[in-house]
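Notes for the one structure printed next.
The values are calculated or read from the model by the stated rules, or taken from the named source; none is laboratory data. Model, not experiment: these values are computed from the prediction. Cβ sites come from the backbone with ideal geometry, for glycine too, and all protein chains shown count toward neighbours. Accessible surface areas use protein heavy atoms only, side chains included; no ligands, DNA or RNA. Shrake-Rupley method; radii C 1.70, N 1.55, O 1.52, S 1.80 Å.
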Amino acid sequence: MKNATEKSISKKIILFGAGLNGKKALEKYGKEKVAYFYDNNINLINTYIDGVLVISYRKLVSLLKTYPDKYSVIVTPVNNWTICRHNLYKSCY
């Protein structure tokens, strides 16, 4: 049986934020580990950043509800914590 750390490591990552910090996170974790970007900028949805698809909020919520053990979300924007918190809160309630 896997412990919590091993389970976390085996999950694919969704990077919340496709800006500079998101790109740095992609470099850190690698394309093999990162499944998607999510960003509030609707102009980025369904585009690719360094080969990784940017998904919509609706798709993010759908993935997390359908496959809760498959993905981990890493929040990358430094100055947008309020936006991140609001979006994540909406999906839970």
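What pairs come up if the first residue lies in region 55-74 and is under 10 Å from K11 (Cα atoms) and of a type in the set (V, I, T), the second is open to solvent by less than 80 Å² (accessible area, probe 1.4 Å) and not in a helix (DSSP H, G or I), and their beta carbons are under 7 Å apart, counting only those six or more places apart or on different chains?
V73/I14; V73/F16
Which of the residues spanning region 18-44 are free of Cβ contacts under 8 Å to residues at least 12 places away in the same chain and either of a type in the set (K, R) or touching a Leu at 6+ places or on another chain (Cβ under 9 Å) (or both)?
Within region 18-44, K28 is the sole residue that qualifies.
Which condition does S91 not pass, out of (1) surrounded by 13 or more Cβ atoms within 10 Å (Cβ to Cβ); (2) touching a strand residue (DSSP E or B) at 6+ places or on another chain (Cβ under 9 Å); (3) at pLDDT below 95, if it passes all the others?
(2)
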